[in-house]
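Visitor: Pasting a structure here, questions to come.
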Amino acid sequence: MTNNSQPESAPVDHSEEEAAIAKCVRAFYEKARADDLLGPVFNGWIKDWAQHLKIMDDFWSGALLGTQRYTAAPFPPHLKLDMTQAHFDRWQALWVPAAEATLPESIRGKAVSIAEHMAHCWGRAYTTMKSQMAQA
Ligand code: HEM
């Protein structure tokens, strides 16, 4: 017998994970902004840090929890920057410890594997596209 007094699916409470993601994003940027390779790129481009951090919270919330607040295409804005594979390797080297230090076990492994995958795939796609743009 079904119990019709129960809602079909109660909304999932992700507030703890969302708070941890916000902490992770800020831990990452504290290191990244002081980094010799990434710092000049981030500090040179990003004018509104509150807005950027909110975008990154939403991006990672989507990647890790399946929320849909971030709906843009994240790759194209990077094409106007001047980066190499070394930037993506450093990005990964800073993101992974930030994720390991701040995220709960439920999303930690996923955050690390997504970051490793993205740093590798974006790095390859990025360097290929930049060299094609330079030749065009
Ligand atoms: C594969 C790893 C990376 C991921 C997942 C990532 C993710 C993102 C996302 C989601 C945005 C927001 C785009 C939007 O406005 O919709 C962004 C913007 C940005 N990212 Fe990355 N990023 C990565 C690597 C890097 C690296 C290596 C750098 C070099 C420092 C970098 C520098 C920037 C900058 C400067 C912006 C702001 C661009 C703008 O709004 O004008 N990102 N990133």
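Visitor: Around Met133, what is the net charge, scoring Lys/Arg as +1 and Asp/Glu as -1 over all other residues with Cβ under 12 Å from its Cβ?
Guide: +1
Visitor: Trypsin sites (Lys or Arg not before Pro), restricted to region 6-102: which are DSSP loop and have at most 12 other Cβ atoms within 10 Å?
Guide: Listed in order of number, the matching sites are Lys47, Arg69.
Visitor: Among residues other than Trp49 whose Cβ falls under 11 Å from its Cβ, what is the net charge (Lys/Arg +1, Asp/Glu -1)?
Guide: Surrounding charge for Trp49 is +3.
Visitor: Right, something else. Multiply the residue separation of Thr71 and Phe59 by 0.36 nm, subtract the distance between their alpha-carbon atoms, and state the gained length in nm to one decimal.
Guide: So the chain would gain 3.5 nm between Thr71 and Phe59.
Visitor: Students often forget the sequence filter, so: which lysines lie under 29 Å Cα-Cα from Lys130 once same-chain residues fewer than 8 apart are removed?
Guide: Those lysines meeting the cut-off are Lys31, Lys47, Lys54, Lys80, Lys110.
Visitor: If you fit an axis through the alpha-carbon atoms of helix 85-102 and take the longest principal axis of the Cα set of the chain, what angle between them do you get, 0 to 90°, nearest 10?
Guide: Relative to the chain, helix 85-102 is tipped by roughly 30 degrees.
Visitor: Then there is this: Return the calculated 222 nm mean residue ellipticity for the chain, to the nearest 500 deg cm²/dmol, obtained by summing -39500 (n - 2.57) across DSSP H runs with n ≥ 4 and dividing by the residue count.
Guide: Per the formula, -23500 deg cm²/dmol.
Visitor: Could you compute the net charge surrounding Leu103? Neighbours are other residues with a C-beta less than 15 Å from the C-beta of Leu103; K and R count +1, D and E count -1.
Guide: So the environment of Leu103 carries a net charge of -3.
Visitor: Compare Leu38, Leu81, Leu64 in a GNM of the chain, Cα atoms joined below 10 Å, and give the one with the largest fluctuation.
Guide: Greatest mean-square fluctuation among the candidates belongs to Leu81.
Visitor: Express in whole angstrom the spacing between the alpha-carbon centres of region 51-78 and region 22-42.
Guide: Here the answer is 17 Å between Cα centres.
Visitor: Let me ask another. What number, in percent, do you get for the relative contact order of the chain if the mean sequence gap of Cα pairs under 8 Å and at least 6 apart is divided by its residue count?
Guide: RCO, the chain: 28 percent.
Visitor: Convert each backbone phi in region 109-114 into a coupling constant with the Karplus relation 6.51 cos²θ - 1.76 cosθ + 1.60 (shift: θ = phi - 60°), then list the ³J(HN,Hα) values in order as whole Hz, x for Gly and Pro.
Guide: Per residue, the Karplus-derived 3J(HN,Hα) values read x, 5, 4, 5, 6, 5 Hz.
Visitor: Skipping prolines and chain starts, which residues have an amide H placed within reach, meaning under 5 Å, of the one on Tyr70, given they are 5 or more residues away or on another chain?
Guide: Close amide H contacts, sequence-distant or interchain: Gly62.
Read-outs throughout are calculated quantities, based only on the coordinates presented, and are distinct from any laboratory measurement. Since the structure is predicted, the reported quantities are computational estimates derived from the model, not experimental observations. Virtual Cβ from ideal backbone geometry, glycine too; neighbours counted across all protein chains shown.
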